[in-house]
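The structure appears below as structure tokens.
The values are calculated or read from the model by the stated rules, or taken from the named source; none is laboratory data. Since this is a predicted model, take the numbers as computed values, not measurements. So basically every Cβ, Gly included, is an ideal-geometry build from the backbone, and we count neighbours across all protein chains shown. Remember, those area values only see protein heavy atoms, side chains included, never the ligands or the DNA or RNA. Shrake-Rupley method; radii C 1.70, N 1.55, O 1.52, S 1.80 Å.
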Amino acid sequence: MEGFEVCRDCHQKMGKIELVPTPTDVDKIEADQKWLYGIYCKQCRKCPLLMLGDADKASFGPNAEIETLPNSKLYKVEVKDLLKTEESGWFVAATQLQRFQQTLLNNAIYTLEEPPDVNEMESEFSLPTHLDQVRLFGDSGAVVGFAVIKLKGKQSSLEDPFVVNHLNLVDAVFVRKSHRRKGIVKKLIGKLLEEDDGSSNKRQTVELYTRWRRRG
């Protein structure tokens, strides 16, 4: 990997790693997505910065704090700044930038920085498709968790248009280690039950929560 900047923690040179699709491409199929590189410290397993080209800057809106990479025609933006939010608690990711925050939290934080623990039966997650509902959890100005819901009546996968979900399925949930054991997933399940119109299977949802609770 080509060297870019020095890691703030270990002071080693960082390199680049293909990280996330652009905000405008999050809902496209993978073959049609343009992906952005992160600036990554292999030793610390952290990806604090995202690299942007000239054409990518507009995707992040006028408030993004984008800086020029030294000795380069490329730009950089802090991952932590891209995870800022004014929302609090669980909310539906309704914009491309909010759905992009889920991809960033999944690929930069969960996969690299706080990787799944096989001893806890954790696994890596694929990114959601445009068919999936994404929910984010905001706390103290930052997105710290996400959930991916496969909605009742929607196509189950892009590969098979004839198979649909017969109930809302919680497909993936992640909460940052700093915010675990604070009842965040319990709040998600409670919110899903409140929204239930009686047509989906509440018993299965409650049983799913019970299993998570034993593991959490």
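Could you figure out which of (1) within 17 Å of Thr111 (Cβ to Cβ); (2) at pLDDT below 95; (3) of a type outside the set (S, T, N, Q); (4) surrounded by 14 or more Cβ atoms within 10 Å (Cβ to Cβ) isn't true of Ala64?
(1)
Do we have Leu105 as touching a Pro at 6+ places or on another chain (Cβ under 8 Å), surrounded by 14 or more Cβ atoms within 10 Å (Cβ to Cβ) and among the aliphatic types (A, V, I, L, M) here?
On the way: touching a Pro at 6+ places or on another chain (Cβ under 8 Å): no; surrounded by 14 or more Cβ atoms within 10 Å (Cβ to Cβ): yes; among the aliphatic types (A, V, I, L, M): yes.
Against the criterion (touching a Pro at 6+ places or on another chain (Cβ under 8 Å), surrounded by 14 or more Cβ atoms within 10 Å (Cβ to Cβ) and among the aliphatic types (A, V, I, L, M)), Leu105 does not qualify.
Can you tell me which residue in segment 146-172 is surrounded by the fewest Cβ atoms within 10 Å (Cβ to Cβ), limited to those that are part of a loop (DSSP other than H, G, I, E, B), without any contact (Cβ under 8 Å) to a residue 40 or more places away in the chain and of a type in the set (A, V, I, L, M, F, W, C)?
Phe162
What about Lys13, is it in contact (Cβ under 8 Å) with a residue 24 or more places away in the chain, over 17 Å from the mean Cα position of the chain (by Cα) and surrounded by fewer than 21 Cβ atoms within 10 Å (Cβ to Cβ)?
no
Given the structure, is Val143 over 29 Å from Asp56 (Cβ atoms), crowded, with 17+ Cβ neighbours inside 10 Å, in contact with a Lys or Arg (Cβ under 9 Å, 6 or more places away or on another chain) and among the aliphatic types (A, V, I, L, M)?
no
Yes/no per residue for (1) acidic (Asp, Glu); (2) farther than 15 Å from Glu113 by Cα; (3) touching a His at 6+ places or on another chain (Cβ under 9 Å):
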residue	(1), (2), (3)
Tyr37	no, yes, no
Cys44	no, no, no
Asp56	yes, yes, no
Thr68	no, yes, no
Val79	no, no, no
Ser88	no, yes, no
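Considering only residues of segment 173-195 that are touching a Ser or Thr at 6+ places or on another chain (Cβ under 8 Å) and farther than 12 Å from Leu151 by Cα, which is most open to solvent (accessible area, probe 1.4 Å)?
Looking only at segment 173-195, we keep the residues that are touching a Ser or Thr at 6+ places or on another chain (Cβ under 8 Å), and these are 189, 192-193.
Remaining after also requiring farther than 12 Å from Leu151 by Cα: 189, 193.
Numbers: Ile189: 6, Leu193: 51 Å².
So, considering only residues that are touching a Ser or Thr at 6+ places or on another chain (Cβ under 8 Å) and farther than 12 Å from Leu151 by Cα, the one most open to solvent (accessible area, probe 1.4 Å) is Leu193.
Just checking, how many residues over segment 108-140 are farther than 22 Å from Ile39 by Cα, among the acidic types (Asp, Glu) and surrounded by fewer than 17 Cβ atoms within 10 Å (Cβ to Cβ)?
3
Among the candidates Leu112, Leu127, Leu131, single out the residue that is touching a residue at least 60 places away in the same chain (Cβ under 8 Å) and assigned to a loop (DSSP other than H, G, I, E, B).
Result: Leu127 is the single residue among Leu112, Leu127, Leu131 that is touching a residue at least 60 places away in the same chain (Cβ under 8 Å) and assigned to a loop (DSSP other than H, G, I, E, B).
Could you tell me which residue of segment 69-102 is surrounded by the fewest Cβ atoms within 10 Å (Cβ to Cβ), considering only residues that are touching a Ser or Thr at 6+ places or on another chain (Cβ under 9 Å) and farther than 20 Å from Leu131 by Cβ?
Ser88
Scan Thr68, Thr85, Thr111, Thr103 and give me the residue that is of a type in the set (Ser, Thr, Tyr), over 26 Å from Ile29 (Cα atoms) and under 19 Å from the mean Cα position of the chain (by Cα).
Answer to the check: Thr85.
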